[in-house]
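For reference, the structure is listed below as structure tokens.
The values are calculated or read from the model by the stated rules, or taken from the named source; none is laboratory data. Just so you know, these numbers come straight off a predicted model, no measurement behind them. Neighbour counts run over all protein chains shown; Cβ positions are idealised from the backbone, glycine included.
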Amino acid sequence: MSGKTRSRTHLRYSGSKNALLPLLEQPLSNTRIVVEPFAGSLAYGLNWIKQAEPGRRRLRAYEANPLVRLLWRWLRDEATEKRLRHLPAFRPKHKVHFSELRCSDPSDRLCPAEQVLVRLTASGSYTGQLCSALIYPQHSWDFTRLIELLPHARSGIESVGKSYERSLDWARTLTRSQRHRTFWFIDPPYLGTEGHYRYKDIRGNTVDLTTSVDPVRVQRFVKQLISLECPGIITYGDGAEQLMPSLPWQLVTTRSVALIRTGGSKLRGEWGARF
Ligand SMILES: C[S@@+](CC[C@H](N)C(=O)[O-])C[C@H]1O[C@@H](n2cnc3c(N)ncnc32)[C@H](O)[C@@H]1O
């Protein structure tokens, strides 16, 4: 026994629903496919998949951030448990640019998807997720939970598609997957947290996924949500009732969130609505 506590989540991700899983309603029992149009760390879908025999449940994901799409495709198609266990060998002793990470064998390099994984795990997600190129030694490089989920990701993730970048046209993310026995889990970026999903692309350019909320577009999104033939849930933060008043919102829980820039913390409501 190492005596180390196990990491709570499989992937450090801004806005992850991992901590809310016990409180969120589960898909109907006859569901075969869960669709997540705002994939992130896929906490909801993977948790659902792992409760059944491999291959029985499928997950369809869409994500605007190409780096996150790259990571999920690699985890599904190429990653091995052995390789994930080897990653801590790259852990730096001092703050370092992610492209300079080295292990004792100089021919051993991190592939682009591994770089994304390490950046998510070891860099500051709150100042712009995947925006910082610096890796700090103090963060956990424990991939135990991700390793546990790997077989489920391999057998269960059906596809990882692109959602519409740089636009808040969420309605467009709902035009697909109207299939029988499908359940939607919809977790868009909360108002005011858009900057968390900012990232630096391969050329080093900073990309902002969302810049402002357009009420007309949000209205269209909700209208489309209500007319979906498949059931699902949507989650949102405080302001959910004001932004999308026609949905039957319920407070799921309140949590204390750290205020990174100003210090201290504040209470934030987590809301959910069934449709
Ligand atoms: C709240 S997070 C989802 C978190 C996820 N449910 C989890 O448990 O990790 C929202 C996700 O939507 C993505 N996103 C941001 N803007 C978007 C846009 N305009 N269209 C589609 N996806 C977007 C972000 O990259 C982020 O991964």
_Selection count, region 92-113, where residues are touching a Leu at 6+ places or on another chain (Cβ under 8 Å) and closer than 12 Å to ILE135 by Cβ_ = 7
*Can you give me the number of residues within region 87-115 that are charged (D, E, K, R) and crowded, with 19+ Cβ neighbours inside 10 Å?*
1
*Failed criterion for GLY55 (all others in (1) under 22 Å from ARG179 (Cβ atoms); (2) surrounded by 14 or more Cβ atoms within 10 Å (Cβ to Cβ) hold)*: (2)
_Out of everything in region 68-84 that is assigned to a helix (DSSP H, G or I) and over 15 Å from SER159 (Cα atoms), what residue ends up being nearest to the ligand (Cβ to nearest atom)?_
LEU84
_Every residue from region 48-101 that is closer than 13 Å to LEU146 by Cβ and of a type in the set (S, T, N, Q)_ = THR80
_Filter result (modelled with pLDDT of 95 or more, surrounded by 12 or more Cβ atoms within 10 Å (Cβ to Cβ) and either part of a loop (DSSP other than H, G, I, E, B) or out of contact with any strand residue (DSSP E or B) (no Cβ under 8 Å at 6 or more places or on another chain) (or both)) within region 248-275_ = TRP249
